[in-house]
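None of the figures in this text is laboratory data; all of them are computed from the coordinates on show. Keep in mind that this is a model prediction, so the values were computed, not measured. Positions of Cβ are generated from backbone atoms using ideal geometry, with glycine treated the same way; all protein chains shown enter the neighbour counts.
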Amino acid sequence: MRNKLRIFVIVLFAYIYIGSSFAQPTLRRLMELPPFERAILIIKHYETRHRPEHWPTIGYGHVVQPGEPYRKGVLLTESQADALLRKDLRKFCALYRSYGADSLLLACLSYNCGSAKVLGGQGYKKSRLLRRIEAGDRNILADYLSFCHYKGKHHSGIWRRRWMEYQLLCADL
């Protein structure tokens, strides 16, 4: 039942994302991509490219830190935004490398929420998701989906994003 639901959601995502009536070949191509490339597509789909009025957020959700060479009011090109996204996601993957196959899933979550909410620090406790992974418990879906709040309220769009991330990045595990 669980695998049928996973396949249905993946097909639905591919159909909606591509907008094609020929979802089966598209899904096959999507799942043939390396997991890192799938993660890039998910982030690009949900973040979209930020405009200058979204400062200090630029590109596909990068928050400018003090000392970085980006200027307010400048729109990054597609290739600049893509390169910045890949650099950031690699940085988060390296941060979670010790978690093995889960490092990309945790990196995607941290890219959106920040690593403090996952690892702990800055007033946050270590997440229940991370504690489960450390304990070897693979039943993490509910904990992963719990990262779907914005300003303290459940947000269905963020929940859908988490669901897609889990389905497309954990399908190989």
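In a fully extended conformation the segment linking ALA142 and TRP55 would gain 28.0 nm over its present Cα-Cα distance, using 0.36 nm per residue.
When each of the peptides 103-111, 77-85 is scored by how many other beta carbons lie within 10 Å of its residues on average, the order from highest to lowest is 103-111, 77-85. For the stretch 41-173, the dipole from Cβ point charges (+1 on Lys and Arg, -1 on Asp and Glu) about the Cα centre works out to 340 debye, to the nearest 20. Could you list, in their original order, any pairs among LYS125/LYS153; LYS44/LYS87; LYS87/LYS125; LYS117/LYS151; LYS72/LYS125; LYS44/LYS91 whose Cα atoms are separated by more than 25 Å? In this structure, LYS87/LYS125; LYS72/LYS125 lie more than 25 Å apart at Cα. The ratio of the alpha-carbon radius of gyration of the stretch 32-136 to the globular-protein estimate 2.2 N^0.38 Å is 1.14.
P(r) tail for the stretch 93-150, what percent of Cα pairs lie past 14 Å? Roughly 51 percent, rounded to a whole number. For the stretch 134-173, the residue among ILE140, HIS155, TYR166 whose Cα projects farthest onto the positive side of the dipole built from Cβ charges is HIS155. Only Lys, Arg, Asp and Glu carry charge here, each on its Cβ (+1 for the first two, -1 for the last two); on that basis the stretch 120-173 has a dipole of about 320 debye about its Cα centre.
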